[in-house]
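Student: Would you mind keeping the following structure in view while I ask a few things?
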Amino acid sequence: MSPTRKQPVLLLGFGDAAEPLSGRLVLLGFRPLRADTPDEAIGLLENCPVPVRAALLPDHHGFQRPGSVIDALRKTSTALEVVVMGEAPAEPARVRLREAGIRLCLWEPSDDSALRFVLNQALYDPTRGQERGELRVPTGLIARITTGTGKRVAVVYNLSAGGAYLETHRPLMPGGRLTVELPLEGGDLSVKGRVVSANVVGNLQRPNLPLGMGVSWEADEATRSQLDDYVERRAAEFRV
């Protein structure tokens, strides 16, 4: 089963915010399980026919005692990975989260690309024989693209050292060549690439992705090293 196809995700304690968050999860291909209390959550974990391996918890009360909640959930679902959401807390609160065994976070502001990324990180389980490719992180970078027909801009929906997904209403078809200028912290980085997939109106190869194109980089080691550095810094933003 693909990590984004009907994988159940527990939502605990979101109150009125649970409904819009559930809608986002459905559009991303997950199955939300809503609970208001730890007891309700445990009942859902016990009765779900598919093992629940990811949970979202809000940080609206600061998690003064997160360990007791997490321990109760993990007694029922031992492989459960918890992602905390909300405003980024101060370091003492982060220490409490880490002590409770929470390693992943999604601080505001966030978008669906970041939500998908952090859930895929939570669901990754090498003991189940899953293979992990190159780490691909969500970004909000605005790239300048040069093709044989001119220049345009695109949103870098996600990025890895080996490629990217570029959100654009005018994607090239597979096989097309392009140069992408990425606005990284140390300055613009120019990378050549080849289009390997296209999501276009009438031919959505990935319905849960925006219109755009997947690109494989044709980069030297120095360029890949710069991309690796960016990816690692960005991935660290999702760790408590």
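Student: How many of the residues in the stretch 28-47 are among the acidic types (Asp, Glu) and surrounded by 18 or more Cβ atoms within 10 Å (Cβ to Cβ)?
Tutor: Adding up the residues that qualify gives 0.
Student: Something else about it: Could you tell me whether Ala198 is surrounded by fewer than 16 Cβ atoms within 10 Å (Cβ to Cβ) and either more than 19 Å from the chain's Cα centre (by Cα) or polar (S, T, N, Q) (or both)?
Tutor: no
Student: From the residues in the stretch 52-71 that are at pLDDT 90 or above and not hydrophobic (A, V, I, L, M, F, W, C), which one is farthest from Trp107 (Cα to Cα)?
Tutor: Arg53
Student: To continue, here is another question. If the requirement is being touching a Pro at 6+ places or on another chain (Cβ under 8 Å) and either modelled with pLDDT of 95 or more or not β-branched (Val, Ile, Thr) (or both), which of these qualifies: Ala161, Ala114, Ala88? Write out each step before concluding.
Tutor: Numbers: Ala161 fails: touching a Pro at 6+ places or on another chain (Cβ under 8 Å); Ala88 fails: touching a Pro at 6+ places or on another chain (Cβ under 8 Å).
Matching residue, one of Ala161, Ala114, Ala88: Ala114.
Student: Would you mention how many residues in the stretch 134-179 are among the aliphatic types (A, V, I, L, M) and closer than 23 Å to Asn120 by Cβ?
Tutor: 11
Student: Within the stretch 131-154, which residues are aliphatic (A, V, I, L, M) and either closer than 15 Å to Asp228 by Cβ or crowded, with 17+ Cβ neighbours inside 10 Å (or both)? I'd like the intermediate steps shown before the answer.
Tutor: Going residue by residue through the stretch 131-154, those that are aliphatic (A, V, I, L, M) are 135, 137, 141-143, 145, 153-154.
Of everything in the stretch 131-154, those that are aliphatic (A, V, I, L, M) and either closer than 15 Å to Asp228 by Cβ or crowded, with 17+ Cβ neighbours inside 10 Å (or both) turn out to be Leu135, Val137, Leu141, Ala143, Ile145, Ala154.
Student: Being outside the structural domain of Val83 (by TED's automatic domain parsing) and farther than 30 Å from Leu97 by Cβ narrows it down to one residue among Val200, Val231; which is it?
Tutor: Only one candidate qualifies: Val200.
The values are calculated or read from the model by the stated rules, or taken from the named source; none is laboratory data. Only a predicted model underlies this, so the values are computations on that prediction, with no experimental measurement involved. For neighbour counting, all protein chains shown are included, and Cβ atoms are generated from backbone atoms with ideal geometry for every residue, glycine included.
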